[in-house]
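Here's the structure we're looking at; comments come further down.
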Amino acid sequence: MRLTPRIIAQCFCIIVLSGVFAFGVNALRPDGLPLAQAAAKPAPSAVKLSPVTGEIALKDAAMLFLSDRAVFLDARSAYEYQLGHIKGALSLPVRSFASDFQDIKPRLAGKDAVIAYCDGADCPLSHALAKHLVEAGVKNVYVLVNGWTLWQAEKLPVAQGTEAQGAPAKVSAAVPAAKPVSAKAKDPAKAKDSDKGKAKLCTDCTN
């Protein structure tokens, strides 16, 4: 009776080792069970990236966006970016690439794709930005042709302003409190002379 726990433990170890060995052999076999093959190999991505053309289709760009595997760079002007852009996209106008790239560069690491876009089927800014990025050593650079127009047409997430850049909010200047009116200012004659002085001063203004 004392040998029963020991025998049970040995049987359990044999079963575990047999299972590990069986799964290992099955994973190495080309005709192994699909479940074992799926566990041994990750499922292929549905996104198709073409290094030949350097362009990316909207559906692929959207899938990378939803899985947070891409960085989107807006090649348009900062003004156009503030009016509306792909949500989370970073503003990197072509004209200011030399001065702004070093601030953007750390945010490009660890992504499957860096996607440049602008607006219009014939807009050259996205291709120009992609060229600058490649020359700067950035990998996996792609262009979403007519990106802003297509993105809006499919009602994909968009944003306005500079919140994606992490820019601080503008703080309005405090309006100074009105000064109390002195008793002298209540004199109509003096008030009239004061208005004449202001009118004369205003005529000297250039604006």
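The values are calculated or read from the model by the stated rules, or taken from the named source; none is laboratory data. Predicted model only: the values in this text are computed from it and were never measured. Every residue, glycine among them, receives a Cβ derived from its backbone with ideal geometry; neighbour counts consider all protein chains shown.
If you go through the range 106-132 and keep only what is among the aliphatic types (A, V, I, L, M) and in contact with a Phe, Trp or Tyr (Cβ under 8 Å, 6 or more places away or on another chain), you end up with ALA113, VAL114, ILE115, ALA116, LEU129, ALA130.
What tally of residues in the range 69-101 results from selecting those that are of a type in the set (A, V, I, L, M, F, W, C) and in a helix (DSSP H, G or I)?
So the first thing to find is which residues in the range 69-101 are of a type in the set (A, V, I, L, M, F, W, C), and the list is 70-73, 75, 78, 83, 86, 89-90, 92, 94, 97-98, 101.
Then keep just the ones that are in a helix (DSSP H, G or I); that gives 78, 83, 94, 97-98, 101.
Count: 6.
Screening the range 117-140 for residues that are among the acidic types (Asp, Glu) and loosely packed, with under 14 Cβ neighbours inside 10 Å and picking the one that is farthest from SER77 (Cα to Cα) gives GLU135. The helices (runs of 4 or more DSSP H) located wholly in the range 116-207 include none with 3 or more residues which are under 30 Å from PHE65 (Cβ atoms), at pLDDT 95 or above and polar (S, T, N, Q).
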